[in-house]
Amino acid sequence: MASRMDELDASEHYTKESEDAAPVLLNIILDTNPIAWAYLSDTLPLPKVVAALLVFINAHLAFNQANKISVIASHVDRAEFLYPTITPSEVQSNEANEMDTVMQNARNGHDTAADDANFYRPFATIASSLNDALRKLFAKTPPSALSNSTTALAGAMTLALAHANKLIVELTPDRSTNPAVITSSALTAPTALHSRILVLSASPASPHQYIPLMNAIFASARLSIPIDVLALTPTSSTFLQQASSTTNGIFLTLQYPHGLLQTLLQAFLPSLPSRGYLVPATQSAVDFRAACFCHRKVVDVGYVCSICLSIFCEPPEGAICFTCGTKLRLQDYGKKPVVTVRKKKRKRQEGDNGVATPSGRMTPAA
C-alpha cells in the first residue's frame, strides 16, 4: 500500500514537473499608435520601450530553449505581425539554408547584428527583425490614418489567438487528428504548449470594437489563454480590465516609467504554473461597464435583449431589437408611476362610556 502511494506521488510529481517544463508561447501585442507615443515622448519614448521589451523577450526565451515568441503591432489602421514576419513553414524551410546565408554574408563582408559573435544569435535575430519591422510599419503608415486615436486591438488579439491555436493544434496529438472539431475534453486536456497574451497598451480601446473584442476575450478564456495587460497610461481601457479579469490574467498600470523593465520581469515573466505559488500584483477593482450596441457608448445601466443579449442605452425604435429582430415588451419600465391621492382616515377614540365622539375628544362622565 505504501509503495502504491509512493508511485502515485511520484507520478503526480512527474506530471507537475512536465507541466512546468512545457514550452510557452508568449504573444506580445504592442500598441504602435503614433499619437499616443507622441504624448509619451517626454516620459516614456518608444525606443526605450522596445529596448526593455527585447530584454524581457530574451529572458523569456532563456528560461526554456523551446519557448516561442510573437510580437503583433496594434496599429491605427491595421494589425500585423512584427515577429515572426514569415509563416512557421517558411521558417522550417529556411533553417536548412540559414548557415549558408551566414557564411555568404561573412564572405561578402556584411556586418550585421545577427552575425555578431558577441551577441547570442537568436536574440540578435529577434532584435534586428523587430526593429526593421517597426521602421517599415511607420514608413508605410499614410498621414490620413494618423487622425485615428484608437488602434486595431481586436484584430491584434484575434491574430494572437489564431497563431496560438495553430501551434497548439500542431504540437498536441489529440487535437491534430481533427482540428475542425474540438470537444470540451480536448480543451481541458494537457497540451504540449502553453500560451498567454501580453498587451502593452498606450491608448484606450474604442467602444466600436466592443463586440469583436469581447468575442476574442471569451475565446481566450475558453482556450485557457490568460491575457496580461500593462497600461502605459493612467487612462486605462475598461475592456482590457475585463479581459484580464475574465481570463485570470494580470492587469497593471505603469506608475513609474523608469521602472518598465522591472515591472515586466517581476509581474509578467513568471510562467503560469509558477503563478500558483506567487501573489499576483494585479488590480483588484475592475470596471465591468459595457458598450451599447446602438450608439457605442459605455453605459452603467441599459436595456438588454432577452434573446440575443444585445445592450441598448435606450429602448430601440419600435421596441424591436435590430440585432435579432425580436419584438421586445418593455411594459411600464421607466415610466413615472401614477400617484393616487388617498383619503386620510379619521381616528376613532373611545370615551369613558365606550362611545367615540366625532371630534375625538374625551367627554366627561354624567
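The values are calculated or read from the model by the stated rules, or taken from the named source; none is laboratory data. Everything numeric in this text was worked out from a predicted model, so none of it was measured. Using ideal geometry, Cβ is built from the backbone for each residue, glycine included, and neighbour counts are taken over all protein chains shown.
Summary of values
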read-out	value
Residue within region 190-207 that is surrounded by fewer than 18 Cβ atoms within 10 Å (Cβ to Cβ), without any contact (Cβ under 8 Å) to a residue 12 or more places away in the chain and out of contact with any Lys or Arg (no Cβ under 9 Å at 6 or more places or on another chain) present	no
Which listed residue is of a type in the set (Val, Ile, Thr), more than 29 Å from Pro23 (Cα to Cα), at pLDDT 85 or above and buried (at least 18 other Cβ atoms within 10 Å of the Cβ), from Val76, Val71	Val76
So Ile182, is it modelled with pLDDT under 70, of a type in the set (Val, Ile, Thr) and surrounded by 13 or more Cβ atoms within 10 Å (Cβ to Cβ)	yes
Test: Val286 is among the hydrophobic types (A, V, I, L, M, F, W, C), surrounded by 12 or more Cβ atoms within 10 Å (Cβ to Cβ), within 21 Å of Ala216 (Cβ to Cβ) and out of contact with any strand residue (DSSP E or B) (no Cβ under 6 Å at 6 or more places or on another chain)	yes
Failed criterion for Ala62 (all others in (1) touching a residue at least 60 places away in the same chain (Cβ under 8 Å); (2) in a helix (DSSP H, G or I) hold)	(1)
Tabulated pairs, region 223-241, first over 26 Å from Asp42 (Cβ atoms), second at pLDDT below 85, C-beta under 6 angstrom, 6+ apart or interchain	Thr238/Asp287; Thr238/Arg289; Phe239/Ala205; Gln241/Val286; Gln241/Asp287
Looking only at region 291-305, and only at residues there that are hydrophobic (A, V, I, L, M, F, W, C) and within 18 Å of Glu317 (Cβ to Cβ), the one that is surrounded by the most Cβ atoms within 10 Å (Cβ to Cβ)	Phe293
Cβ-Cβ under 7 Å pairs, at least 6 apart or on other chains, region 258-271 side closer than 24 Å to Pro23 by Cβ, far side assigned to a loop (DSSP other than H, G, I, E, B) and modelled with pLDDT of 95 or more	none
Residue in region 300-314 that is among the hydrophobic types (A, V, I, L, M, F, W, C), closer than 30 Å to Phe63 by Cβ and modelled with pLDDT of 80 or more present	no
Qualifying residues in region 208-264 (those that are in contact with a Pro (Cβ under 7 Å, 6 or more places away or on another chain) and over 21 Å from Val76 (Cα atoms)) - the one surrounded by the most Cβ atoms within 10 Å (Cβ to Cβ)	Gly249
Evaluation of Val279 against (1) surrounded by fewer than 16 Cβ atoms within 10 Å (Cβ to Cβ); (2) part of a loop (DSSP other than H, G, I, E, B); (3) at pLDDT 90 or above (one fails), failing number	(3)
